[in-house]
Amino acid sequence: MSAIALNPEYVATPRRVTQTTLLELVRAVSEVVSDENEVVATVVDMLESGRARLTGNFRNLPPEIFRAVPNAGN
């Protein structure tokens, strides 16, 4: 039996999952991004992709509920 050599560019690296509260996640993203629509989009993307997982009060909610349109009522 021969050993198989894998090309490093094709080897999947373990994905890091950040466990955080919604407030901590929004604050962290807001430090880097100033536009609130971009903050919402980034947070939702992180939740949907699995890069972030919520703890606390919002831990069991689906990520799509956070797709809100800021200032929709104004």
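Please treat every number below as a calculation from the coordinates, not as lab data. On a predicted model such as this, the values are computed, not experimentally measured, just so you know. Cβ sites come from the backbone with ideal geometry, for glycine too, and all protein chains shown count toward neighbours.
Structure values in brief
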quantity	calculated
Positive minus negative residues near residue 59 (Lys, Arg vs Asp, Glu; Cβ under 13 Å)	0
14 Å beta-carbon shell around residue 39, net charge (K/R +1, D/E -1)	-4
Point-charge dipole on Cβ atoms (K/R +1, D/E -1) for the stretch 16-66, about Cα centre, debye to 20	360
Neighbour net charge for residue 48 - beta-carbon separation under 10 angstrom, K R +1, D E -1	0
